[in-house]
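Everything on this sheet refers to the single structure shown next.
Rule-based calculations on the coordinates, nothing more; no lab input. Fair warning: this is a prediction, and the values are worked out from it, not measured in the lab. Heads up, the Cβs are rebuilt from the backbone with ideal geometry, glycines too, and the neighbour counts pull from every protein chain shown.
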């Protein structure tokens, strides 16, 4: 765990399961994310899609910036190595 005072600068990785019901199904797929400062990037394995949000301006994650932000590629590069490790561990 990171000390809270360092969290915004150091960034954090996370993984969740995308669920649409209470029952476990084959279609439940991982969602991976990386957050650094106010930017959060998300990769959804079920439809292989990317999302990115500026949490300072959009705390409810309604305005996906992945196609418009100059920081999208940099954030993808930070998440990809960890995403690859998680996927390798599941095989």
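The label-point distance for residue 54 and residue 38, in a model that sets each label 7 Å from Cα toward Cβ, rounds to 0.7 nm. Sorting 44, 57 by the number of Cβ atoms found within 10 Å of their own Cβ, with the fewest placed first, yields 57, 44. Modelled spin-label separation between residue 76 and residue 12, with each label point placed 7 Å from Cα along the Cα-to-Cβ direction: 2.6 nm.
How high is the FRET efficiency from residue 84 to residue 63, r the C-beta distance, R0 30 Å, rounded to 0.05?
Numbers: r = 28 Å, r/R0 = 0.93.
The formula returns an efficiency of 0.60 here.
Using the number of other C-beta atoms within 10 angstrom as an exposure proxy, rank 40, 77 with the fewest first.
On the way: 40 21, 77 11.
Going from sparsest to densest Cβ surroundings: 77, 40.
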